[in-house]
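Have a look at the structure below, then the notes.
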Amino acid sequence: MSEPTPKKKLPKVRRTHSHLLDWRWWRGVALRVCLGMGIIGSLAAVCIVTMYGNLAKQYDLAKLGAMPERTVVYDRKGNIIGKLHGENRSIVALSEVSPYFVKALLAREDARFREHHGVDYKGILRAIVRNVKDGKVVQGASTITMQLARNSYPGLDDRSMHRKLIEVMLAKRIEAYATKDQILEAYMNRIFFGNGLYGIQRAATVYFGKHASQLNLSEAALIAGIVRGPSTYSPFKKWAGALKERDDVLARMVATKVISQTEADEAKRADIALHAQPLPTSQGAYAMDAVKRDLDLVLETQDVEDGGLRVYTTLDADMQAEAEAALEKSAAAVEKKKDYPRIAKAAFDAQWDHVTQFGSTPYLQGAVTAIHNATGGVLAIVGGRDYAQSKYNRAIQGERQIGSTIKPFIYATAISHGVLPGTLIDDSPIPGDWSPGNSDGKFIGQQPMALGLIQSRNTMTVRVGDQAGLAKVMETLDRAGILGKGERTRQIFIGNVGTSLRNLTSAFTTFPNQGTRARPYLIDRIENRDSSIVYATPVVALDVLNPGVAYLTSRLLGFVMEEGTAASVRSEFKFKVPGGGKTGTTNDYKDAWFVGYTQDVTCGVWMGCDQPQTIMADAYGGKLALPVWVDVLRKAEALGYLTTPPIEPPLTHIRLCRTSSLIATESCASHGAAYDDDLPYELVPQAFCPVHGIGGAAPRLGVPPGSSRGGLWNRVRGWFSGR
């Protein structure tokens with residue numbers, strides 16, 4: 001065998017970098033790099049589009065047209081008395097908007113609106129070029145659809161790229177979901193036009209006093225110019241700036257060929273009749289403040305803030321207006337007195353900057369509350385003299401010592417425990433460390449209990465309270481809703497307890513309501529946009545006193561307005577409507593009160609200084625607060641609220657003993673201690689007087705239950721006579 005031929009070793013080839021000089025090699029590399037980058041970029045774009053498309057899908061497009069409107073508040077007669085929460089807008093259809101405004105808006109905000117599909121890519125490139133050229137951001141690229149997306153959903157109002165990408169994808173969804181006209185209509189109704197105005201209809205109404213359909217070219221261009229800077233271009237604040245923007249809008253309209261240059265020039269020369277800026281509401285806002293507070297109690301916060309509700313209240317707009325006017329008239333009259341020691345509101349107004357608000361004011365303040373007796377519905381509520389200066393609602397938030405207005409509840413408690421109006425009570429100094437005096441500085445000895453309430457005598461009231469017992473008095477006050485915070489001492493008997501005017505007025509409904517207190521409320525019912533009732537307030541009557549006790553106490557309060565501390569109701573003001581009430585004045589004349597009622601209405605009035613201090617000398621409730629009450633109740637009578645005398649319960653005529661409050665014997669009569677009265681049957685004593693002894697003939701019971709003898713005057717005279 002022959003040996004195999006050995007393989008020859010090939011010579012080594014020396015590699016060079018000559019290929020780097022070959023352009024074809026570099027082209028291949030570039031193509032491969034571009035292809036790779038294109039693939040990576042495409043994958044990234046797909047990921048971004050997919051991710052942000054999914055994020056955009058989280059927004060419910062059905063809510064696109066659900067714009068928060070103001071909650072409308074109505075009075076008991078169905079009259080609109082105000083609006084709360086939500087946004088100050090009135091929604092109108094696109095067909096109800098002036099074509100001039102539609103053209104102006106599109107020219108200013110989105111000239112290619114009818115051509116793009118939510119995103120204007122040409123506009124984006126144009127904005128980039130312009131911003132690069134100017135070296136700063138001078139032009140945006142948001143379409144009307146993108147702006148609508150941003151304004152319609154919370155969280156899309158920041159300037160991050162993340163937000164912008166969601167906005168872009170959401171705009172494309174909106175364009176697929178709604179027509180161009182629907183998008184434009186939603187946008188015009190939603191956008192902000194400054195001064196708290198949302199939507200074209202409110203802007204047209206407030207700025208020009210017109211419906212949106214009536215705007216001319218000049219007006220339409222001016223309003224369209226506000227959109228980009230509602231504060232900067234507000235015609236109320238920056239008239240020159242607003243006109244400049246109007247001219248810019250007109251120029252854009254000419255450039256986009258929706259109007260001619262001649263039309264633009266005529267619009268620039270046109271007179272614009274701008275309406276006066278609306279003044280903030282003042283006193284009436286206290287009622288709206290009270291409504292808002294109650295809304296916050298009965299609805300979830302979000303439901304309230306979203307607006308769009310119809311709130312039907314118990315307020316009477318006519319009564320509300322009268323209460324406001326009456327309070328201001330009376331307070332101003334007090335400030336004009338020569339011996340009034342503090343600044344008057346008129347002088348304070350002259351130096352006020354119309355911006356600063358105060359927790360308390362240095363001038364005389366007041367509050368009024370009127371309640372419908374049968375239901376507890378608040379007919380009027382005034383929390384001060386000027387809401388623009390002070391939003392502190394004194395009718396609800398203020399808790400001041402109520403003074404002698406507490407006394408009817410002290411006497412009622414005593415009556416419910418057997419101490420009757422004709423029983424003798426000592427009007428002499430109270431022994432001990434605490435010895436209150438009477439307002440007249442006098443003590444008049446043994447007097448019928450009725451006199452203590454009619455003349456508001458402190459020493460008699462303390463003794464009546466002692467007979468009733470502090471614990472029992474506090475129980476009555478608690479049921480009446482006026483047992484405020486503070487030390488529980490005998491000083492409560494003469495009003496050393498604080499409560500709000502609304503609570504005190506509610507407590508007084510006990511007397512015309514035969515012993516039940518009508519729980520006060522402002523909101524009758526609330527309806528949503530679909531007219532479905534989402535809340536209704538039930539009428540709640542709370543038992544405070546026995547009906548017979550309420551009747552006897554009310555009888556005394558009626559006499560307070562005949563010959564007592566409120567006698568000027570009849571003598572000076574000639575107010576003859578049957579009713580009852582009680583004045584109240586605290587120590588050093590710091591608070592002046594009057595709370596009283598007729599058959600249908602109970603009204604309470606407070607006057608004083610925000611920082612408790614002497615109002616002036618002799619600032620009695622009968623002088624300061626009573627005139628306001630008379631004006632309000634006169635208005636109630638004129639409005640048809642019932643003023644007939646209350647129906648008497650079945651009464652029994654009986655002879656009683658002034659010493660024991662029990663059935664009098666002949667011996668009581670011989671001692672001069674017997675008197676006749678008509679009592680509700682359930683209050684007739686069940687025992688004879690043991691003080692004077694039986695002696696003589698059997699006691700005289702008089703007329704059987706179910707009938708009475710003599711009128712009011714005869715009964716009252718009986719308390720003070722010996723018959």
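Annotations for the structure displayed:
- Residue-span extension gain [A273 to W239] - 0.36 nm each, minus C-alpha spacing: 11.0 nm
- Per-residue 3J(HN,Hα) values for region 361-377, derived from phi via the Karplus relation 6.51 cos²θ - 1.76 cosθ + 1.60 with θ = phi - 60°, read 10, x, 9, 4, 10, x, 7, 9, 9, 10, 10, 6, 4, 5, 10, x, x Hz in sequence order (x marks Gly and Pro).
- Taking amide H as placed 1.01 Å from N in the peptide plane, R400 has its amide H under 5 Å from the amide H of T499, each at least 5 places away in sequence or on another chain.
- Semi-axes of the equivalent ellipsoid for region 324-400, Cα gyration tensor, largest first, Å: 25, 16, 10
- Inter-probe distance in nm under a simple model that places probes 7 Å from Cα toward Cβ, at L31 and H417: 11.1
- Centre separation in Å (Cα based) which lies between region 291-360 and region 201-244: 31
- Pairs exceeding a 25 Å alpha-carbon distance, out of K345/K574; K329/K635; K210/K345: K345/K574; K210/K345.
- Positive-end residue of S532, L552, P650, charge dipole of region 506-661 with Cβ unit charges: P650
- Full extension of the chain between F443 and K180 gives 86.0 nm of extra length, using 0.36 nm per residue less the Cα-Cα distance.
- Beyond 29 Å in Cα-Cα separation lie the following of the pairs K442/K623; K337/K582; K103/K292; K238/K292: K103/K292; K238/K292.
- Calculated from backbone phi, Karplus (6.51, -1.76, 1.60) coupling profile of region 217-233 in Hz, x at Gly/Pro: 4, 5, 5, 4, 5, 5, 5, 4, x, 6, 3, 6, x, x, 8, 5, 10
- For the pair Q397 and D543 in one chain, pulling the backbone fully straight at 0.36 nm per residue adds 50.1 nm over the alpha carbon distance.
- Estimated distance in nm for a label pair at K472 and S531, the labels positioned 7 Å out from Cα along Cα-to-Cβ: 5.6
- Residues whose amide H lies under 5 Å from that of V534, counting only those 5 or more places away or on a different chain, are I526, E527, N528; hydrogens are built 1.01 Å from N in the peptide plane.
- Total formal charge among the other residues, if their Cβ is under 14 angstrom from that of D631, Lys/Arg +1 and Asp/Glu -1: -2
Just so you know, all these numbers are worked out from the coordinates, no wet-lab data involved. Here the structure is a predicted model, which is why all the values come from computation and not from measurement. Ideal geometry is used to build each Cβ from the backbone, glycine not excepted, and the neighbour counts take in all protein chains shown.
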